[in-house]
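To start, the structure itself, in structure tokens.
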Amino acid sequence: MNSPTSVWLNCKAATMQTGAAQPYGLIDDAALVVGGGRLKWVGLRRDLPAELMASCLHTHDVHDARGAFITPGLIDCHTHLVYGGNRAGEFEQRLNGVSYEDIAKAGGGIASTVQATRLATELELTKQSAPRLLALMAEGVTTIEIKSGYGLALEHERKTLRVARALAAAHPVTVHTTFLGAHAVPPEFLGRSDAYVDEVLRMLPILHAEGLVDAVDAFCERIGFSVVQTERVFAAARVLGLPVKLHAEQLSDSGGAQLAARYKALSCDHLEWLSDAGVQALAQAGTTAVLLPGAFYFLRETRLPPIAQLRSAGVPLAISTDCNPGSSPCTSLLLMLNMACTLFRLTPHEALAGVTRNAARALGLKDRGVLAAGMRADFLLWDVQSPAELSYTFGSCPRLQTVFNGLIL
Ligand code: DI6
Ligand code: FE
């Protein structure tokens, strides 16, 4: 157990605070004081109040960070981490010339993962999903969003969300759950997508009453659900007071972003085909754009999200793995930093903000994502000379230590 108050010295900090004078909210010779799982004080070492230092000396809880760089804990704000099986066979098919959409239309794709997920017991699903979570945590993820959407029937959506909660109980990580019942039309509803949306509306309040749902998402796309169908799901979420987010404009421009904006969505995700009107709608609603370079890369998309327009409209940009078996079988958020820079031309500063401050925003979490007094004490020590190194290297992990809720892991 950590004593009530501890201090971290001999470190540099990328606080990621907005409006800071330095890029990354950099503090060159920093001190961080932790107490009760929260940051109590963050600033320049020389400004550290003497009484705070004295109370840490009193408890002998002074940590020498040995020159490490400290950042907020990483937040992976868009994952489908709980699923059964994998789609390596489909990957081979795609390399033999079959497209992602054609595979989906032929009953493969999401449907094949739905089958494998339905067949797995809760325990099997937990066992299959835990290594993915551990891989993300090994790179510094301290908060993760996990969506349902491979069950597509009450008992299996429930199972998926329960696995997400069980993973949270068994690991030092915060899990935020999202109900994505409207991910795909399951085989038993083929050709009856409106009837399946009725079923989604039946599932939502039940799962919510069981404490399994923190937010609601939908896949608004020609191979998913129409804007009209998505709005029915959003209206049901609103009745329950649940925030919404949306998979929008990934493969085509269906106007999902404008709908999401009307519902003050926390985030709109993918966005390769986002129109100018969509950009303006997101900006006005204060909705965060979640960019998923792993899916862009893995599906070999060529159309880039309108980064420059989003940037100039002031839409906050978040980055995530989209960890899922079909379009982004990825368990490295650090690799996404690199890809956000190389593929989407984000700056390393924007990329890091995308997995800290703006990722918190995409989840509606106000108590994390930056290093500042009052925030959760979720932070990372890195063996880097500058925070840009986190985006610059790929395939390596310079994480030295994770502090989660004030406890050293
Ligand atoms: N968009 C995606 O990229 C994933 N889901 C979604 O709505 C892909 C899901 C899959 O192919 O299994
Ligand atoms: Fe996704």
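Below, the figures for the structure above:
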{"quantity": "Three-way shape call for the stretch 304-375 based on the alpha-carbon gyration tensor, with the a/c threshold at 1.5", "calculated": "oblate"}
{"quantity": "Under-5 Å amide H pairs with Thr331, H placed in peptide plane, nonlocal only", "calculated": "none"}
{"quantity": "GNM result for the chain, Cα springs below 10 Å: residue of Thr342, Thr230, Thr142 fluctuating most strongly", "calculated": "Thr342"}
{"quantity": "Mean separation of Cα contacts under 8 Å, 6 or more apart, over the residue count of the stretch 42-176: relative contact order %", "calculated": "30"}
{"quantity": "Cα centroid separation - the stretch 301-344 against the stretch 7-60, whole Å", "calculated": "31"}
{"quantity": "Loop sites in the stretch 198-244: GluC sites (Glu not before Pro), DSSP, at most 14 other Cβ within 10 Å", "calculated": "Glu210"}
{"quantity": "Distant-in-sequence amide H partners of His78 (H built 1.01 Å from N, under 5 Å)", "calculated": "Glu145, Thr321, Asp322"}
{"quantity": "Candidate aspartates and glutamates - alpha carbon under 17 Å from Lys159, same-chain residues fewer than 8 apart omitted", "calculated": "Glu122, Glu124, Glu145, Glu199, Glu210, Asp214"}
{"quantity": "For Gly149, distant residues with modelled amide H under 5 Å away", "calculated": "Leu180"}
{"quantity": "In Å², nearest 10: area of Thr288 left accessible to a 1.4 Å probe", "calculated": "0"}
{"quantity": "Derived scalar couplings ³J(HN,Hα) [the stretch 70-86; Karplus, 6.51 cos²θ - 1.76 cosθ + 1.60; whole Hz; x for Gly, Pro]", "calculated": "10, 10, x, x, 7, 10, 9, 8, 8, 9, 10, 5, 8, 7, x, x, 8"}
{"quantity": "Normalised convex hull volume, the stretch 191-289, alpha-carbon set, Å³ per residue", "calculated": "84"}
{"quantity": "Dmax and Rg, reported as Rg then Dmax, of the stretch 343-409 (C-alpha, Å)", "calculated": "12.9, 36"}
{"quantity": "Overall Cα dimensions of the stretch 68-218 - principal axes, largest extent first, Å", "calculated": "54, 43, 25"}
{"quantity": "Neighbourhood charge, 11 Å Cβ-Cβ cut-off, centred on Asp322 and excluding it, Lys, Arg +1 and Asp, Glu -1", "calculated": "-2"}
{"quantity": "Per-residue HN-Hα couplings for the stretch 235-249 [Karplus 6.51, -1.76, 1.60; θ = phi - 60°; Hz; x = Gly/Pro]", "calculated": "4, 5, 5, 4, 4, 8, x, 9, x, 10, 8, 8, 7, 9, 6"}
{"quantity": "Helix-only mean residue ellipticity at 222 nm for the chain, each DSSP H run of n ≥ 4 adding -39500 (n - 2.57), per residue, nearest 500", "calculated": "-11000 deg cm²/dmol"}
{"quantity": "Rel. contact order, % - alpha carbon contacts under 8 angstrom, at least six apart, the chain", "calculated": "19"}
{"quantity": "The stretch 150-308, relative contact order [Cα under 8 Å, separation at least 6], %", "calculated": "16"}
{"quantity": "Residue-by-residue Karplus 3J(HN,Hα) for the stretch 344-356, coefficients 6.51, -1.76, 1.60, Hz, glycine and proline x", "calculated": "9, 6, 6, 7, x, 5, 4, 4, 5, 4, x, 10, 10"}
{"quantity": "Enclosed volume per residue, in Å³, of the convex hull spanned by Cα atoms of the chain", "calculated": "128"}
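The values are calculated or read from the model by the stated rules, or taken from the named source; none is laboratory data. Predicted model only: the values in this text are computed from it and were never measured. Cβ: placed from backbone, ideal geometry, glycine included. Neighbour counts: every protein chain shown. Keep in mind that these areas ignore ligands, DNA and RNA; they rest on the heavy atoms of the full protein, side chains included. Shrake-Rupley method; radii C 1.70, N 1.55, O 1.52, S 1.80 Å.
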